[in-house]
Amino acid sequence: MRVDLLTDPVDGLAEALDAVDGFDRALVAGLLRPQPGQTEGLTGLAAAVAASPLATRVAEAAEKASAGAAGEDHFVALAAARTALLGSAHDALTERVREAVGRPYGDDDRTRAGAGQPVNLLLAARSWLSNLARSGWQGIDHELVGGAAPVVSAMLPDPALRRLAALLDGFAAELAASCPGATLERIPVRRWADLWARALLLTVPGALGTPAVTEVSGRLLPLGVDVQEHATAVQAQVHAVFEPADGGPARLVRASVSAPKPDSVVGAGLWQLLRPHMSLLAALGEGRAMDLDAMPVTGEGDLLWDDARARAGEDAEPFTTARVALPTAVAFPTAPLDRHPARIAAPVLVEGYAVDDTEGLVLDVAGCRVRVDADRVPAAGPLTPEAVAASSACLGLLRWDAGEFLLQPLAVERTVRKKAVAVHAGAWAGGTTDKAGVRAEKAATDAVTVLRERAGRLLRT
């Protein structure tokens, strides 16, 4: 792996992100009566896409918005330009990762199945999002934010609209928790602009089409698991190499499982909520491969997991997989609306480094430094920042954040009594005899039991 390529500047990246930042700042105060500083952000966005097919429409939209006269279609054009710039940044960074790890190119045969959606509900959502842009984040109040509720309620019964409904519902909840906007000391400018632009583009008829799904058979070799935890939900996403039974090229795939959770269930107790829904977690914890038979997979590489189509296979040590199969595994293409630097999560293996822990964790590979994102190491496993600091090999996800590539550890190898010992973030996924893990699982069991008893009493009354 050529770590030096990860630290070299990417041509045009800074300019594209500057244009996005300028537009995002314009949304803070709102576009009902834009000031000169906001106008600069709008014209900068238009200039950044001047050589693209979007040029004419975005230039018109920027002019109207600068005059405080933007309509809903103009906001859609601005959101499209912003998304296109972030998509180009994603593509440039993904290409840099491919060069650094020497990963082969894959085919780009994405197809998406469109489905008819009620246009009136899409227009209602677009109207609410346009009003948000006019008011700006500093102008939000409970009345404005509450306008999303009837739209979400009308969308939720329709499976074709549920993706947009969930996005609007979560976005509105974040905004409601921050009202009134005029009193906010800190505004998540990039995040709210991301959510706004994505939701607005999903109101375009056809944008909510589902990715094409095929069925695959072969051997699945797990690499590691990324655990994402919130107060009321948890998700585990297993990254793996899939070897088709027909002898085709190995592919990088993902399989995800999520579950609602009470806020009292944390740490290793999370596996109790996830384990019953995916046999892959047990295989991951045991260090085994899985044999898949006609498992559905999307055109973006997400396995639609079905336990009935998978069975445990032979032993498969993730570091062996990373050294033998990972270098030639081909990544699936990314869906157009998912092309964003924050979505980059490329499995990589880094070896032969020194660790500098004077200011956070940094891996030094032949003089080239990659910072470790220790905050993403889950508490649901034995992997700790201390284990990373004592390691000699790291299997992780290469991400991009705040202007640099970061490494999120999934597993590390370290030497104990002259023997290489692997420590995996998902080691407790299928159960554990580790004392700390057993204590956390017992605490989670007790908490869930109490909650179920209380819920049963409420239902009986």
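Arrange the peptides 27-34, 48-55 so that the one whose residues have, on average, the most other Cβ atoms within 10 Å appears first.
The peptides rank, most packed first, as 27-34, 48-55.
How tilted is helix 162-177 with respect to the longest principal axis of the chain? Cα atoms for both, answer in degrees (0 to 90, nearest 10).
The answer is roughly 80 degrees.
Within the range 189-231, what residues put their amide N at less than 20 Å from the label point 7 Å along the Cα-to-Cβ vector of A294?
Answer for this model: 212-220.
With the cut-off at 1.5 for a/c, could you classify the range 314-428 from its C-alpha gyration tensor as rounded, prolate or oblate?
oblate
Within the range 342-431, list the GluC sites (Glu not before Pro) lying in a DSSP loop whose Cβ has at most 16 other Cβ atoms in a 10 Å radius.
Answer in residue order: E359.
Run the quick spin-label model on E174 and R33: label points 7 Å from Cα toward the beta carbon, then report their separation in nm to one decimal.
With each label point 7 Å from Cα toward Cβ, the separation is 2.8 nm.
In whole angstrom, note down how far apart the Cα centers of the range 21-77 and the range 377-436 are.
Cα centroid to Cα centroid, the span is 44 Å.
Contact order normalised by length for the chain, with contacts defined as Cα pairs under 8 Å and 6 or more residues apart; what percent is it?
Relative CO of the chain lands at 15 percent.
Evaluate the relative contact order of the range 4-202 (contact order divided by residue number), counting alpha-carbon pairs under 8 angstrom at least 6 apart; express in whole percent.
Result for the range 4-202 is 25 percent.
Between rounded, prolate and oblate, where does the chain land on the alpha carbon gyration tensor, with a ≥ b ≥ c its root eigenvalues, rounded for a/c under 1.5, else prolate if a/b exceeds b/c?
Here the chain falls in the prolate category.
Any idea what the relative contact order of the range 206-342 is, in percent, if you count C-alpha pairs under 8 Å spaced at least 6 apart?
29
How large is the translational diffusion coefficient of the range 4-202 in µm² per second when you combine the Kirkwood radius over alpha carbon pairs with Stokes-Einstein at 37 °C and 0.692 mPa s?
Translational D for this selection: 182 µm²/s.
Roughly how many Å is it from the Cα centre of the range 147-177 to that of the range 287-312, as a whole number?
31
Pop out the ³J(HN,Hα) list for the range 294-310 in order, Karplus 6.51 cos²θ - 1.76 cosθ + 1.60 with θ = phi - 60°, rounded to Hz; leave Gly and Pro as x.
Running phi through 6.51 cos²θ - 1.76 cosθ + 1.60 with θ = phi - 60° gives 6, 7, x, 9, 7, x, 9, x, 9, 6, 8, 5, 9, 4, 5, 10, 9 Hz.
Name the residue farthest towards the positive end of the dipole of the chain from the options A67, T94, P180, assuming +1 on Cβ of Lys and Arg, -1 on Cβ of Asp and Glu, about the Cα centre.
P180
Quick check for the chain: number of Lys pairs with alpha-carbon distance under 30 Å, counting only pairs 8 or more apart or on different chains?
Going through the chain pair by pair, I get 4.
Can you sort K442, K418 so the residue with the fewest Cβ neighbours within 10 Å comes first?
Fewest-to-most ranking of K442, K418: K418, K442.
Nearest 10 degrees, 0 to 90: what angle lies between the long axis of helix 72-101 and the longest principal axis of the chain (Cα atoms)?
It works out to around 30 degrees.
To test your reading of the geometry: what angle, between 0 and 90 degrees and rounded to tens, separates the Cα axis of helix 13-29 from the longest principal axis of the chain?
60
Where a number appears in this text, it was derived from the coordinates with a stated rule and is not lab data. It should be emphasised that the depicted structure is a prediction, and the values quoted were computed from it without experimental measurement. Counting neighbours? That spans all protein chains shown, and the Cβs are built from the backbone with ideal geometry, glycine included.
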